[in-house]
């Protein structure tokens, strides 16, 4: 393996390790040594690529955006013809991802931002970029659903898209609190029912009073 390729591979190993360890231990409790051990690399290799734990976390947030962005872009929920069905299929897809142990399905950026929102502004913004950016991918479907259902409401497609993420991130928090996946699935089921009711209720309930 060429030297440049080896450097690239070691950086990828560190980023993969960061995703695993931070989701399991949280940002504050994670040490550089923990990342190196999980990656099977030395601290020298770590500091060759990153100046600090925060620098690694920032890179890991971008790495997370890249990986999850590709996953969701290729997901089958986009294939539904009706926008409401696409939204419901998206929720079903999120529920189907509740596999394995808690660190395997919970969110890296959702985990980090709860700890760093007031102490690491750059890291907070990286987390917001990930969560809000993903929410934005749902906006076109919500806008189309509102148009086709004739919904003129005092809420926006953007606010509903962000609400879906609030519900899903909250489901992850409860799963951690109860140390089990069942409650997360139940919360996502409620999100699905809410969307069904929102887009299938009578038009008059959605129209702003004049």
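Before moving on, here are some points about what is shown:
- Mean-position separation - Cα centroids, segment 104-132 and segment 21-64, in angstrom: 15
- Taking Cα atoms only, the orientation of helix 121-136 departs from the longest principal axis of the chain by about 40 degrees.
- Length gained when the stretch residue 31-residue 92 is fully extended (0.36 nm per residue, less Cα-Cα span): 18.4 nm
- Degrees between helix 157-178 axis and first principal axis of the chain (Cα, 0 to 90, nearest 10): 60
- FRET efficiency, residue 105 to residue 152 (Cβ-Cβ, R0 41 Å, nearest 0.05): 0.65
- Using alpha-carbon coordinates, inclination of helix 3-25 to the longest axis of the chain, degrees: 60
- Mean residue ellipticity, 222 nm, helices only, the chain: the sum of -39500 (n - 2.57) across DSSP H runs of n ≥ 4, divided by residue count and rounded to 500, is -23500 deg cm²/dmol.
- Within the listed set 51, 92, 82, the residue fluctuating most in the Gaussian network model of the chain (springs between alpha-carbon atoms under 10 angstrom) is 51.
- Residue among 185, 170, 40 with the largest mean-square fluctuation in a Gaussian network model of the chain, springs linking Cα atoms under 10 Å: 40
- Percent breakdown of C-alpha pair distances by 5 Å bin, ordered from the shortest bin, for the chain: 1, 7, 14, 17, 17, 14, 11, 8, 6, 3, 2, 1, 0, 0
Every number in this text was worked out from the coordinates using simple rules, so none of it is lab data. Given the structure is predicted, the values throughout are model-derived calculations rather than measurements. Cβ coordinates were reconstructed from backbone atoms using ideal geometry, including for glycine residues, and neighbour counts include every protein chain displayed.
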